[in-house]
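The values are calculated or read from the model by the stated rules, or taken from the named source; none is laboratory data. Here the structure is a predicted model, which means the values were calculated and not measured. Glycine also receives a Cβ, built like all others from the backbone with ideal geometry; neighbour counts cover every protein chain displayed. With ligands, DNA and RNA removed, areas are computed over all heavy atoms of the protein, side chains included. Shrake-Rupley method; radii C 1.70, N 1.55, O 1.52, S 1.80 Å.
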Amino acid sequence: MNTQALTPILDKIKAYDHIILFRHRRPDGDCLGASKGLQRILRLSFPGKVIDLPESDTSDYLAFLGPDDPALPDEAYQNALGIVVDTGDAERISNPKYALCRELIKIDHHPDRDAYADLSWVEEHSASCCEMIAAFYTHFQHELRMDQEAAALLYTGIVTDSGRFRYPEVNGDTLRYAAALLDAGVDTQRLFAQLYLRDAASLRFQAYVYEHLQLTENGVAYLHIDAQTQQRFGLSFEDASAAIGYLDSIRGCLCWLAFIDAPDNTIRVRLRSRFVAINTLAERHHGGGHAFASGATVYSKDEIQSLIAEADALVRDYKAEHSDWL
Ligand code: AMP
């Protein structure tokens with residue numbers, strides 16, 4: 001990690017009485033854990049400062065992480081330091097008032113394509129943004145405070161964004177930071193129950209996914225979960241989006257895609273892969289993300305077909321050049 005970036009960030013935090021935290025739209029466990037975990041650490045460490053997280057965009061299945069703060073008037077932003085976590089591009093920041101802040105810091109682990117902040121700390125190869133917040137805390141642990149609540153928030157992000165410590169970005173540091181958080185007293189039995197218990201209807205939907213998934217010639221698994229199917233199973237948009245996770249363990253399928261009809265009549269695409277990088281494919285379809293986990297948006301069934309064909313060509317080319325894939 002680039003620890004040189006850390007001191008200027010702490011100096012800025014110390015210089016402001018009011019700090020406002022930001023994150024990306026459609027927040028996931030890492031994004032929520034990093035924003036709430038950092039808020040908790042800063043509140044504990046600097047009781048004289050006001051640390052706000054004014055968000056309206058949240059995630060039902062992660063509601064157990066607790067509520068955010070109410071909206072703030074525009075004037076409140078003008079003297080504040082903004083810290084944006086887990087968000088590569090300014091256009092994905094869910095609260096557009098970030099632009100009103102006096103200064104802005106970016107703490108992120110996505111490819112650094114948009115230098116929207118005055119000060120940036122980006123670790124593209126970090127498995128999660130929560131790992132970065134844990135590293136920030138560890139670096140200054142003589143000055144900062146952590147408690148069980150903060151540790152549980154950060155641990156949540158590390159666990160969810162690393163696929164329970166399975167993804168290739170996981171390294172020794174990931175486990176060392178996770179170990180330190182566990183030492184702070186995370187109740188993992190409760191946390192894993194909150195994250196992963198399923199109701200019967202959701203398991204029935206998973207069975208539907210296995211029955212209906214499609215495979216391309218070269219090894220792309222995909223499924224379109226249209227509005228009708230979502231209605232039939234009584235799925236929320238988030239429940240339907242979880243289908244991507246069910247497609248991940250098919251031998252020979254190096255890429256898997258879920259197309260989910262969104263409430264705004266667009267089609268959300270979730271792209272995942274093994275060995276083959278798919279983020280440039282996502283970028284060609286109004287999206288982006290990490291090498292092996294990206295998101296995109298398409299607008300028609302034709303565009304679904306062309307994205308599948310592009311993914312299939314990527315896998316075909318990869319398989320033509322490599323023999324050790326699984
Ligand atoms: P998702 O499938 O939505 O969980 O996205 C997987 C990864 O890609 C996450 O790290 C997202 O932050 C990122 N991502 C999703 N959608 C976009 C987008 N439109 N632009 C850039 N990155 C994205």
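Results, tabulated for the structure shown:
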| read-out | value |
| --- | --- |
| The listed residue being at pLDDT below 95 and not hydrophobic (A, V, I, L, M, F, W, C), out of Arg198, Arg268, Arg284 | Arg198 |
| Hits in the range 91-115 - residues which are under 25 Å from Phe292 (Cβ atoms) and either open to solvent by less than 20 Å² (accessible area, probe 1.4 Å) or in contact with a Leu (Cβ under 7 Å, 6 or more places away or on another chain) (or both) | Ile93, Lys106, Ile107, Asp108, His109 |
| Breaking point among (1) in contact with a helix residue (DSSP H, G or I) (Cβ under 6 Å, 6 or more places away or on another chain); (2) in contact (Cβ under 8 Å) with a residue 60 or more places away in the chain; (3) farther than 22 Å from Phe22 by Cβ, for Ala178 | (2) |
| Any hit, the range 43-63, residues being among the aromatic types (Phe, Trp, Tyr) and assigned to a loop (DSSP other than H, G, I, E, B) | yes |
| Residue tally, condition within 17 Å of Thr216 (Cα to Cα) and open to solvent by less than 30 Å² (accessible area, probe 1.4 Å), over the range 247-268 | 9 |
| Candidate set from the range 314-326 (those that are free of Cβ contacts under 8 Å to residues at least 40 places away in the same chain and open to solvent by less than 100 Å² (accessible area, probe 1.4 Å)); member that is farthest from Ala262 (Cα to Cα) | Ala320 |
| Whichever residue in the range 280-295 is among the hydrophobic types (A, V, I, L, M, F, W, C) and more than 6 Å from the ligand (Cβ to nearest atom) and, among such residues, is most open to solvent (accessible area, probe 1.4 Å) | Phe292 |
| Residue match in the range 297-304 (condition: outside any strand (DSSP E or B) and within 15 Å of the ligand (Cβ to nearest atom)) | yes |
| Helices (runs of 4 or more DSSP H) completely within the range 175-292 that count 1 or more residues being more than 21 Å from Pro27 (Cβ to Cβ) | 188-196, 200-212, 227-232, 279-283 |
| Unique residue being more than 24 Å from Gly66 (Cβ to Cβ), modelled with pLDDT of 95 or more and open to solvent by 30 Å² or more (accessible area, probe 1.4 Å) when the list is Tyr177, Tyr222 | Tyr222 |
| Output for the range 9-49, where each listed residue is farther than 16 Å from Ile107 by Cβ and among the acidic types (Asp, Glu) | Asp17 |
| Of residues in the range 233-279 being of a type in the set (S, T, N, Q) and more than 12 Å from the ligand (Cβ to nearest atom), the one nearest to Gly295 (Cα to Cα) | Asn265 |
| Qualifying residue in the range 93-109 (condition: closer than 27 Å to Arg270 by Cα, among the aromatic types (Phe, Trp, Tyr) and at pLDDT 95 or above) | yes |
| Residue in the range 19-34 that is most open to solvent (accessible area, probe 1.4 Å), counting only those that are more than 8 Å from the ligand (Cβ to nearest atom) and assigned to a loop (DSSP other than H, G, I, E, B) | Arg25 |
